[in-house]
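This report concerns only the one structure given below.
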Amino acid sequence: MPEEVDDAAEAGLPLEAPAELSLDILRHSAAHLMAAAVCELYPGAEYDVGPAIEDGFFYNFRLPGDRHLTEADLAAIETRMRELAARRLPFRREVMARDDARKLFEGMGQSFKVAIIDRLASDVRSVGVYRTGDFIDLCRGPHVPDSSRLSAFRLLRVAGVYWRGDERNPQLQRIYGTAWFTQADLDAHLERLAEAERRDHRRLGRELELFHFDDTAPGMPYWLPNGVVVLNTLMGFAREVRGAHGYREVISPIINDKRLWEVSGHWDHYRENMFIIPVDDQTVYGVKPMNCPNAHVIYNLRRHSYRELPLRYLQLDTLHRYERSGTLHGLLRTRKFQQDDSHIFLAEEQIEDEYERILELIGLFYRTFELEYSFRLGTRPDGFLGDVETWDRAEAALLRILERHAGRDGFVVEAGEGAFYGPKIDILTRDAIGRSWQNGTVQLDFQLPRRFGCEYVDASGESRTPAVIHLAIYGSFERFLGVLIEHFAGHLPLWMAAVQVELIPVQDDVESVLAGIADLAGRLREAGLRVAVNDRPGERMQARIRDCELRRVPYVVVLGRRDVERGDDVVTVRDTRRGGTESRGVADLITRLTEEVASRRPR
RNA sequence: GCCCAAGUAGCUCAGAGGUAGAGCAACGCCUUGGUAAGGCGUAGGUCGUGGGUUCGAUUCCCACCUUGGGCUCCA
């Protein structure tokens, strides 16, 4: 979602309009037009900032007299916008002396604009102002020549936003809209939004009976039988590959005495995000929000030699975090989740090599799903622990590795976004409507091993403190599955599908057909495939096929009297992902499906 | 947590100050059908929860819970 707007980009000397009109210019102008409409409909409205964003634009407002907009108001605003657009109002550019502009906006009661001017650097002597009819905005432009260029737009929603993006500030209201060059482009965009809604993992989760959220457990999914199969295949994949790469699984308690969280620092830094359980007058337990402290407990069970390092633990345990209520979002933001989490204890000189191996692994897991992903390097934040030299060394190493693996365009650096104990690399994917979600994360940590007093004996017999890498590749299984469901629009890869093949008898009262179905089911199951028979009485074959399609069963085999009588062991297979049917010998079918499962082909 | 909206049958939704309706799903009967919905019928709701106003509330008001869109947050 949009970054908060930098005031400096909004104010200053006007920019020259490029020869070509861009969508950004169009959308920025649409934002002005919307603000003009709002100011006409709600005299005394104050306007804040209104930039173009990906796919559209927004503008922030404060209406007089504590009035609040609702989505029902959008239609009237849009209508007024169309009236203004039809008047061919020119977007007139002016350069004003800074003080004159300040007086102008102060006189209009536009306190946000005055605040923006006051925050400009002291050497800014003049600013750009645009007029559209009676509407005046502090703005560098550029803009469309006149309002008649604006026709293909739609206002979408209203949201509350904190002024300047700071939750200590009062809330304004933001209207989001979208604008395009042509009506056809707008229609296509609206159709994409509709398709995204059809792909929404919350809808598919209900329709495919994968998971459920109950009012008594907000943010904590129930996994239904189909969902458990999918979840388990994903976890099984993680266990198998991680095991082959030297990770050893451990399981630790879900709740620990708060003394553990005091050692780890969570009690001081993370308590407001933890579920806390008072047990008696002296004892308080905390439900674990992360696996790392218990990994350190396990590490410390005995002395370690440098020869054992890197020591890799895999931890799939259930975690709970008390996320703020407004942030929950289906599987993509939960309060209960499990991660393919791991903690790697290693010597500092091993870090770079280990990161190489980790980035290889990440590629392996994400390529399996043909999922697009990108990296984000978070560097030293304010209030970091440790010394600058160690941080610099670690960041330089991560940067080198990322450039080698992802290329210069394959990642972004976000300064100050590292964890307080070390820099981190996050793996980002997108949901159906393009929202970016953090999945995996690789965090380098020099602090926690120190807090827990972890040691190893180096080659010269000295005790040293290991570093730790926190690594989750999927991140939370819940979130990753949510992204996968949307990515595949519910058509999960065959190896993950709850039901892989469903069998439908053409005649369900013919003994030989039913025997044929039972025999086929047996042979498919013997090959290790998950098979269901759809023989609900009273349903016609076509209805059963439709039922399979809606439940996203990858392969559907229809078997009837003609097949049985032909006796050639050939069946007709419907491929619901590619569409269409084809005839195949049963032996051939089994080979193909087991091969598709074994290779974990995504489609 | 904050702003806006929503919560009516398993699902999608309509409705209205006089205690509710449709389609699909479910169930029953008929239909035995060759690749995305066969027909008829039956049953199903304390209208999110708790208060208040009213002769009467599911409808109006208040609080709370949950959900959706955003904001903030995401260690």
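The values are calculated or read from the model by the stated rules, or taken from the named source; none is laboratory data. Bear in mind that the values here come from a model prediction, so they are computed numbers and not experimental data. For neighbour counting, all protein chains shown are included, and Cβ atoms are generated from backbone atoms with ideal geometry for every residue, glycine included.
Among helices (runs of 4 or more DSSP H) entirely within the range A:1-93, having at least 1 residues that are assigned by TED's automatic domain parsing to the domain that holds A:GLN171, modelled with pLDDT of 80 or more and over 26 Å from A:GLY165 (Cβ atoms) singles out A:23-41, A:74-86.
Within the range A:492-537, if we keep just the residues that are part of a helix (DSSP H, G or I) and over 17 Å from A:VAL571 (Cα atoms), the residue that is nearest to RNA strand B (Cβ to nearest atom) turns out to be A:GLU511. If the condition is being more than 30 Å from A:ASP66 (Cβ to Cβ) and touching a helix residue (DSSP H, G or I) at 6+ places or on another chain (Cβ under 8 Å), then the range A:142-185 contributes A:PRO142, A:HIS143, A:VAL144, A:SER147, A:SER148, A:ARG149, A:LEU150, A:SER151, A:ALA152, A:TRP180, A:PHE181. Taken as a whole, the condition of being of a type in the set (Gly, Ala, Ser) and under 30 Å from A:ARG206 (Cβ atoms) does not apply to A:GLY585.
Being more than 29 Å from A:GLY386 (Cα to Cα), buried (at least 18 other Cβ atoms within 10 Å of the Cβ), within 11 Å of RNA strand B (Cβ to nearest atom) and under 18 Å from the mean Cα position of the chain (by Cα) is a description that does not apply to A:ASP426. For the range A:267-276, the set of residues classified as near RNA strand B (Cβ under 10 Å from one of its atoms), modelled with pLDDT of 90 or more and under 16 Å from A:PHE452 (Cβ atoms) is empty.
Number of residues in the range A:376-421 that are within 16 Å of RNA strand B (Cβ to nearest atom), in a helix (DSSP H, G or I) and not aromatic (Phe, Trp, Tyr) equals 3. Cβ separations smaller than 7 Å between residues 6+ apart or across chains give no pair from the range A:131-159 residues that are outside the structural domain of A:THR79 (by TED's automatic domain parsing) to residues that are crowded, with 23+ Cβ neighbours inside 10 Å and outside any loop (DSSP other than H, G, I, E, B).
Candidates in the range A:554-593 are the residues that are of a type in the set (Lys, Arg), within 23 Å of A:SER512 (Cα to Cα) and surrounded by 12 or more Cβ atoms within 10 Å (Cβ to Cβ); of these, the one that is farthest from RNA strand B (Cβ to nearest atom) is A:ARG584.
Within the range A:252-282, if we keep just the residues that are touching an Asp or Glu at 6+ places or on another chain (Cβ under 9 Å) and among the β-branched types (Val, Ile, Thr), the residue that is nearest to A:ALA295 (Cα to Cα) turns out to be A:ILE254. Looking at the range A:275-297, which of its residues are surrounded by fewer than 17 Cβ atoms within 10 Å (Cβ to Cβ) and in contact with a Phe, Trp or Tyr (Cβ under 7 Å, 6 or more places away or on another chain)? A:PHE275, A:ILE277, A:VAL279 - these are the residues of the range A:275-297 that are surrounded by fewer than 17 Cβ atoms within 10 Å (Cβ to Cβ) and in contact with a Phe, Trp or Tyr (Cβ under 7 Å, 6 or more places away or on another chain). The residues on offer are A:ARG168, A:ARG174, and the sole one that is in the same structural domain as A:ALA31 (by TED's automatic domain parsing) and surrounded by fewer than 12 Cβ atoms within 10 Å (Cβ to Cβ) is A:ARG168. Scan A:ARG324, A:ARG303 and give me the residue that is of a type outside the set (A, V, I, L, M), more than 15 Å from A:ILE254 (Cα to Cα), more than 16 Å from RNA strand B (Cβ to nearest atom) and surrounded by fewer than 19 Cβ atoms within 10 Å (Cβ to Cβ). Going through A:ARG324, A:ARG303 in turn, just one is of a type outside the set (A, V, I, L, M), more than 15 Å from A:ILE254 (Cα to Cα), more than 16 Å from RNA strand B (Cβ to nearest atom) and surrounded by fewer than 19 Cβ atoms within 10 Å (Cβ to Cβ): A:ARG303.
Of the residues making up the range A:349-408, those that are more than 26 Å from A:ARG242 (Cβ to Cβ) and touching a residue at least 24 places away in the same chain (Cβ under 8 Å) are A:THR379, A:ARG380, A:PRO381, A:ASP382, A:GLY383, A:PHE384, A:LEU385, A:GLY386, A:THR390, A:TRP391, A:GLU395.
Please work out if A:ARG603 is away from RNA strand B (no atom under 13 Å from the Cβ), touching a residue at least 60 places away in the same chain (Cβ under 8 Å) and touching a Phe, Trp or Tyr at 6+ places or on another chain (Cβ under 8 Å).
On the way: away from RNA strand B (no atom under 13 Å from the Cβ): yes; touching a residue at least 60 places away in the same chain (Cβ under 8 Å): yes; touching a Phe, Trp or Tyr at 6+ places or on another chain (Cβ under 8 Å): yes.
For A:ARG603, the condition - away from RNA strand B (no atom under 13 Å from the Cβ), touching a residue at least 60 places away in the same chain (Cβ under 8 Å) and touching a Phe, Trp or Tyr at 6+ places or on another chain (Cβ under 8 Å) - is met.
Restricting attention to the range A:379-409, the residues that are touching an Asp or Glu at 6+ places or on another chain (Cβ under 9 Å) and over 15 Å from A:TYR355 (Cβ atoms) add up to 4. Is it true that A:VAL241 is surrounded by 15 or more Cβ atoms within 10 Å (Cβ to Cβ) and at pLDDT 95 or above? Considered against the rule, which asks whether it is surrounded by 15 or more Cβ atoms within 10 Å (Cβ to Cβ) and at pLDDT 95 or above, A:VAL241 comes out as yes.
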